[in-house]
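Structure record follows, encoded as structure tokens.
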Amino acid sequence: MAVSSSFSTCMLYGRPFGSELMNSNEDFMCNYSSLHDKVSFCSRSFSVSSGMRCSRLVQNSRLRDGIQCRALEIENKHLTSLVEKFELDDVIEAQQFDRDILSAIFEVAREMEKIEKNSPGSRILQGFLMATLFYEPSTRTRLSFESAMKRLGGEVLTTENAKEFSSAAKGETLEDTIRTVEGYSDIIVMRHFESGAARRAAAIAGIPIINAGDGPGQHPTQALLDVYTIEREIGKLDGITVGLVGDLANGRTVRSLAYLLAKYRDLKIYFVSPDVVKMKEDIKDYLTSKGVEWEESADLMEVASKCDVVYQTRIQRERFGERVDLYEEARGKYIVDMNVLNVMQKHAVVMHPLPRLDEISVDVDSDPRAAYFRQAKNGLYIRMALLKLLLVGW
Amino acid sequence: MAVSSSFSTCMLYGRPFGSELMNSNEDFMCNYSSLHDKVSFCSRSFSVSSGMRCSRLVQNSRLRDGIQCRALEIENKHLTSLVEKFELDDVIEAQQFDRDILSAIFEVAREMEKIEKNSPGSRILQGFLMATLFYEPSTRTRLSFESAMKRLGGEVLTTENAKEFSSAAKGETLEDTIRTVEGYSDIIVMRHFESGAARRAAAIAGIPIINAGDGPGQHPTQALLDVYTIEREIGKLDGITVGLVGDLANGRTVRSLAYLLAKYRDLKIYFVSPDVVKMKEDIKDYLTSKGVEWEESADLMEVASKCDVVYQTRIQRERFGERVDLYEEARGKYIVDMNVLNVMQKHAVVMHPLPRLDEISVDVDSDPRAAYFRQAKNGLYIRMALLKLLLVGW
Amino acid sequence: MAVSSSFSTCMLYGRPFGSELMNSNEDFMCNYSSLHDKVSFCSRSFSVSSGMRCSRLVQNSRLRDGIQCRALEIENKHLTSLVEKFELDDVIEAQQFDRDILSAIFEVAREMEKIEKNSPGSRILQGFLMATLFYEPSTRTRLSFESAMKRLGGEVLTTENAKEFSSAAKGETLEDTIRTVEGYSDIIVMRHFESGAARRAAAIAGIPIINAGDGPGQHPTQALLDVYTIEREIGKLDGITVGLVGDLANGRTVRSLAYLLAKYRDLKIYFVSPDVVKMKEDIKDYLTSKGVEWEESADLMEVASKCDVVYQTRIQRERFGERVDLYEEARGKYIVDMNVLNVMQKHAVVMHPLPRLDEISVDVDSDPRAAYFRQAKNGLYIRMALLKLLLVGW
């Protein structure tokens, strides 16, 4: 979400801050000065985190709930902490989240798990409209976001073939498409085939953008749901041992996960992968720089016996081009089956971003330590939390 | 819908039976023993109808309506009949329905016809989410289900190209896809290109599955709406005369319809079809075994004059491969036109599963006996009824 | 929307007028005669405008709001004017609108701009279901309509590939498809590749049809939003000077716009286009016959300096076939850039139907006179207004 740079665009893409306040709250005038202080505070907060703004927080959390300005003054301290938390205007990449934000998002996600059908909580996004602008199909991710929006009472506009979007096909820029679609919706969830596309969209948009995967770039909500699942399953994030298995070279997921895990203390990470798809140096260097202990291993059984989390990934055939032989060799090398499970600890879990082929054998599914379908479901709660935070604030 | 086989999966896919009761009903503890009797009863009921379970009935119909356990005891007899009725956990094939269930479903469908916009009835599925998982496009069927869900206040997640579902394209099994999608929705309506796919989905799913057509297999909701239409138009199902016309060899519809009609008494069925697409022996044998009188005829005019229902079907070009000559010959042989209509009885009707090409001439449309568009509309009511029954019970 | 021609179809596609009144209003009987007068009046009104009917107005505006027949009598005069206004049963082509209707629609569109989230206004189409039946993709237009419907609390059934609609692919006529889909929805928004398709649909449908573009034919809602934008930006429609720039031969948009502008007084229109895509004679003749002054010019700078509105359009590559040379020549000829903007008047605006390639340079976007994204947003309000008018009346 970009901050409107002129009054005229401001009128276009959002209600000007002041006018809505005046319409909806007669107490506004007498309290203007005190409110103004907060807004100034917001601006300072903004200046340190580019691409984000906080005025929406004040607008939404206050006006939607009918809290008056006087209450604001009294709850000054509370607001301050809210504003400090509110570093979330778009979701573009895993790196934008720090431990505190992650922890706060997870807290909201846990609240989301408890929302019952037809309870007030199931209507908190009523009246809001999300556009899913998918330039490449990803039905799983799309359905997860759309379910999240609808579970909170929101509505959805869907485009699964945005690439064939007549406009894009005719040569329209992503920026123009975003400026059009933001006129129809309150938030855009976007999947694109080009790395950096989500950032470009966020730079132009006057409404929040969520990156649902941009090519080889980022897929931040997957990284969030992975960390959330580890916390839910293991009970902690500091001091754990994680085995990343499979295609570590191309897997966007494991790379993002490594970035996020580096924010926690006393971690040990094992990399277990066929030689052709080993974890790249940049991530290893990054982990080292953050003081995370890591080790490469060719012995899945030994690693599995030590880990809290065995994170298996699919060897992606599409990355091997015509070298089917290399693919076949890599693919069969590390399978999580009952033998692996039998050496794992009682409290440990197997995770997988899905879809899986045969890198986890089907008989593992019925073991309580098979966490991958719970992990998929956690994606729903994380996305509910993000939609709530971006649209109505903390 | 599969019954959860372990506590851990049970936690995953549904709320455990007891905990919800305890949360929502303070009277539970004191009445536990009496309730337990019912649950045992359910289990017995379950054991005789594999692939179905009844606990949801008790959960939904009782807890949603806030009926207390004491009421349960008093209404013991009523519950018993409810439970007996409740043989419906998934809709997989026409054969699963007996006369009583059909009659009960039709009663609900007639209630559905009466639901007015914005009446309480139009909100009975509020908060529920249906996923339409279509592995081959069938816009008509999809829109019919989605309309049904929305007419009852429910919400919809749509996938029209599930075959290109990135996951399926990458080799994910149907079972894994179902286990993911069931995390996002409350019921799955599924169209697949493989016979038996719906049954496989139901075996794994923790939520209800409706088969919206699985390849050359079944399309049970079409069969239901056909029988419902006959009852609505003719006023009865016993003692009627039905002419099945057109492609009787390949038409999934007429085959399922024949199975369902065999449940009624004193029927006479005529088969009128080009030689290359005659009704197959299995259905004829089945009808004979059920005591249904049937006869093949080459004289559409004579048959039409005797029938209560002339059920015309399209000769499916795609079944003839390169034998365009055979197709063309078969196609023109039995056309329902004004000449046919003129020999039909006043109370009789022409039905067709649609789409039609020219096997019913357009001038027939304006005759009140042309029932095919009403038949299409009845599909809406039947699907509303099924969604209601599967999600909130009788 | 066709008027039902027989009682039996009437029962099928809509509630008969009288019965609903009787059910919902006990005062009906005693006031029958006075109401009957109005209905007769409606019939007269109907006879002069074929393809339209007015009974829905009376049904909707009265019964939905619970206004009783007695009130009707007292508000006789008001009703008369309402009925006179109500010439809107389908939206098929720009020519169907006269100045008064346009002005009335624009008034409703301005009301739509003011609707706040979760206000009563945002629920006026609650319970209504719109089907978007798109035979060719047009994501922008589809999202705009779907957003409009949802902003008013209505629901949507979506088909983006209606051409591959299994039924259409199998040879079903448009008429049969419409008769099926109208059973599932309350209004159909339709995009088709054949000119005249929307009119054919409206002739058969018992519910309102909105033409969202039919091939080289019409795209009336685009024309309406263009005129609405001019009025919003310039403040008036009489006495303005408009420059139509770019592909004037093939642009459906500029042709429809010219038709609508001809309804206003003291206009001056400039045509600025490469020779290969000049405005065709039929439009020029039409403008002349309506007394609209027009002039062709090759000097964009001079025209821009005189205009209130510079309406730029995209040179459509697809119209040039293999003559890429002609396309390239035409394409670069008239670009709206800062040089053009610098000679434009302060109050003037640049419009464009979007998508744009480089016929407006990106640096123009930040000038307040760049009205094209506001124009796109106005499409939302116009479509909200039309949906409201067609479904619940004035």
Neighbouring Cβ atoms within 10 Å as the yardstick, rank B:LYS280, C:LYS263, C:LYS278 fewest first. B:LYS280, C:LYS278, C:LYS263
Can you work out the Karplus-derived ³J(HN,Hα) for every residue in region B:351-361? Use 6.51 cos²θ - 1.76 cosθ + 1.60 with θ = phi - 60°, whole Hz, and x for glycine or proline. 10, 6, x, 6, x, 10, 9, 10, 6, 10, 6
In nm, one decimal, shortest first: how far is the label point of A:GLN95 (7 Å from Cα along Cα to beta carbon) from the matching points in the other copies? 6.1, 6.1
Quick one: label points 7 angstrom along Cα→Cβ at B:MET301, distances to the other copies in nm, smallest first? 8.3, 8.3
Given R₀ = 35 Å, FRET efficiency for B:SER361-A:GLU194 by Cβ-Cβ distance, to 0.05? 0.05
Quick check on my link table: of B:LYS114/C:LYS117; B:LYS268/B:LYS346; A:LYS163/A:LYS333, which ones sit more than 25 Å apart, alpha carbon to alpha carbon? B:LYS114/C:LYS117; A:LYS163/A:LYS333
Rounded to the nearest 0.05, FRET efficiency between A:ASP266 and B:ALA203 (Cβ-Cβ, R0 25 Å) equals 0.05
Quick calc: nm separation of the 7 Å Cα→Cβ label points for B:ARG123 and A:TYR286 -> 4.8 nm
Nearest to the axis that maps chain C onto chain B: list the chain C residue whose Cβ wins, with the distance in whole angstrom. C:THR158, 4
Rounded to the nearest 0.05, FRET efficiency between C:SER103 and C:GLU329 (Cβ-Cβ, R0 56 Å) equals 0.85
If amide hydrogens are placed 1.01 Å from N in the peptide plane, which non-local residues have theirs closer than 5 Å to the one on B:VAL336? B:ILE360, B:SER361
Distances in nm, one decimal, shortest first, from A:PRO368 to the same residue in every other copy, taking the label point 7 angstrom along Cα→Cβ. 6.7, 6.7
Linear extension gain, A:ASN339 paired with A:GLU295, 0.36 nm per residue minus alpha-carbon span: 13.6 nm
Counting other Cβ atoms within 10 Å, which chymotrypsin sites (Phe, Trp or Tyr not before Pro) in region B:109-173 have at most 16 and lie in a DSSP loop? none
Average beta carbon contacts from partner chains per residue of A:311-321, 10 Å cutoff: 1
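Every read-out reported here was derived from the displayed coordinates using simple, explicitly stated rules and does not represent laboratory data. All values derive from a computational prediction rather than experimental measurement. Here Cβ is always computed from backbone atoms with ideal geometry, including for glycine, and neighbour counts include all displayed protein chains.
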